[in-house]
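One structure is given below, encoded as structure tokens.
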Amino acid sequence: MSRQVVLTRCPIGSASEIALQKGWLKTAFNELDADLELLQNLDPKEQIKHFTQESPLWFREGGNIPPIWAMSNGDRTKLLGLTMINQTHALMVRTDTDYKLPDDLKKLKFSVPKSDVERVDFWQAMVLRGYNSVFKHYGVDESEITFVDIKKGNNKAAKHLDKGNIVFKFNKDNDTVLQHEEELIALREGKIDVFLAHGALAHEIKDKKLAKILIDISKEDIDNTNNIYPSVITVNEEFANNNRDIVVSYLTETLRAAKWAQSHKNEVDEISAKGQYGTTIKQVLEARDPDYYLSFTPGFTDEAVNALKSQKEFLLERGFIKNDFDIDSWLAPEYLEEAKQRLDD
């Protein structure tokens, strides 16, 4: 009887995305008599597992907030690697404004998105972390800032076009950007002056002239640690203990994808656009550093691990997670080391 391997990944454009698009993961798992399935193709009731990483979900690559929350909440995973791909986190304002930083910060109304969800509100955590980085950089105390709660709809999940074409599909209405629909309305109505957008979404908003970028944290000398910086690869702990061969095979193909990316920039651009909210190549490139295609290799660098520790502390201080845990004990570099050796053989 073949083993089922369920994988999910955030729409951020990752090494897992490359390995999926190239068919390498499916081929590698077939050789181990294992069937690859994407979480997004399972029953809708299973979609919450993207955040909790409970059975039947085994592998996840993407933002770090949900896995940190899951570990704090008692869901046991192993962290297999971290990736540092610097991407846009931008403060967005109306196109007809001329705000100056830092002088106008205390005059503005900052959006705080709120979702009615059972799991962690990772979007709100991401936004507050981005604001916090800007305020710290300019020496502004958050007590001097005006925050406005904006209720967000919860049905923003990506759907795949079909099981053979793993491309994220979102509403492409030129009058809005679905993930920021409520904030864009509030911006037009004057209820808020600023909201935070990340990745290619910020540049899609800009290109549609729905708002403009006041400051892009990733382009400044400002700490850009956030949900997707670093991104993390995690695996269900019980599954890893019982299926080491599959875990090592998954990481081997991820490393293969990262190595391939270094000499195939144009194809990586296309894959990243397909896997990142279905945005354009232009928007993906604007959101990332020029040499981003060299940075897909997962690892355990001091920079990445320290950024992850900083993120956990922020989430703990702000009440997004309730229980502390040791990051170092979460790391499981032995699987990646074995995958590196296999790739080199």
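Cβ-Cβ contacts under 7 Å between residues 6 or more apart (or on different chains), taken from a first residue in the range 177-200 that is not assigned by TED's automatic domain parsing to the domain that holds residue 134 to a second residue that is among the acidic types (Asp, Glu) and in a loop (DSSP other than H, G, I, E, B), are absent.
Residue check: is residue 280 among the β-branched types (Val, Ile, Thr) and either under 16 Å from residue 87 (Cα atoms) or free of Cβ contacts under 8 Å to residues at least 24 places away in the same chain (or both)?
Details: among the β-branched types (Val, Ile, Thr): yes; either under 16 Å from residue 87 (Cα atoms) or free of Cβ contacts under 8 Å to residues at least 24 places away in the same chain (or both): yes.
Spelling it out, residue 280 is indeed among the β-branched types (Val, Ile, Thr) and either under 16 Å from residue 87 (Cα atoms) or free of Cβ contacts under 8 Å to residues at least 24 places away in the same chain (or both).
Identify, from the list 327, 321, the residue that is more than 22 Å from residue 131 (Cβ to Cβ) and either outside the structural domain of residue 142 (by TED's automatic domain parsing) or more than 19 Å from the chain's Cα centre (by Cα) (or both). Checking each option against the conditions leaves just 327.
Has the range 214-227 got at least one residue that is among the hydroxyl-bearing types (Ser, Thr, Tyr), in a helix (DSSP H, G or I) and within 21 Å of the chain's Cα centre (by Cα)? Yes: the range 214-227 contains one or more residues that are among the hydroxyl-bearing types (Ser, Thr, Tyr), in a helix (DSSP H, G or I) and within 21 Å of the chain's Cα centre (by Cα).
Counting only helices (runs of 4 or more DSSP H) that sit completely within the range 17-119, those holding 1 or more residues that are more than 24 Å from residue 206 (Cα to Cα) and at pLDDT 95 or above correspond to 24-31, 65-72. Of all residue pairs spaced 6 or more apart or on separate chains, those with beta-carbon atoms under 8 Å, a first member in the range 129-151 that is on the phi < 0 side of the Ramachandran plot and a second member that is at pLDDT below 95 and not basic (Lys, Arg) are 151/115; 151/116. Residue by residue through the range 254-307, note down the ones that are among the hydroxyl-bearing types (Ser, Thr, Tyr) and either in a helix (DSSP H, G or I) or within 16 Å of the chain's Cα centre (by Cα) (or both). Passing the criteria: 254, 272, 277, 279, 292, 293, 295, 297. Look at residue 11 and say whether it is part of a loop (DSSP other than H, G, I, E, B) and crowded, with 18+ Cβ neighbours inside 10 Å. Considered against the rule, which asks whether it is part of a loop (DSSP other than H, G, I, E, B) and crowded, with 18+ Cβ neighbours inside 10 Å, residue 11 comes out as yes. Against the condition touching a residue at least 24 places away in the same chain (Cβ under 8 Å) and touching a helix residue (DSSP H, G or I) at 6+ places or on another chain (Cβ under 6 Å), how does residue 82 come out, does it pass? It is true that residue 82 is touching a residue at least 24 places away in the same chain (Cβ under 8 Å) and touching a helix residue (DSSP H, G or I) at 6+ places or on another chain (Cβ under 6 Å). The number of residues in the range 137-191 that are part of a loop (DSSP other than H, G, I, E, B) and at pLDDT 95 or above comes to 7. Of all the listed residues (243, 266), the sole one being farther than 26 Å from residue 35 by Cβ, polar (S, T, N, Q) and out of contact with any Pro (no Cβ under 9 Å at 6 or more places or on another chain) is 266.
Note on the range 71-92: residues that are in contact with a Phe, Trp or Tyr (Cβ under 9 Å, 6 or more places away or on another chain), among the small types (Gly, Ala, Ser) and either farther than 18 Å from residue 124 by Cα or buried (at least 23 other Cβ atoms within 10 Å of the Cβ) (or both) total 1.
The values are calculated or read from the model by the stated rules, or taken from the named source; none is laboratory data. Just so it is clear, the model here is predicted, and its values are computed rather than measured. Glycine gets a Cβ as well: all are built from the backbone with ideal geometry, and neighbour counts include every protein chain shown.
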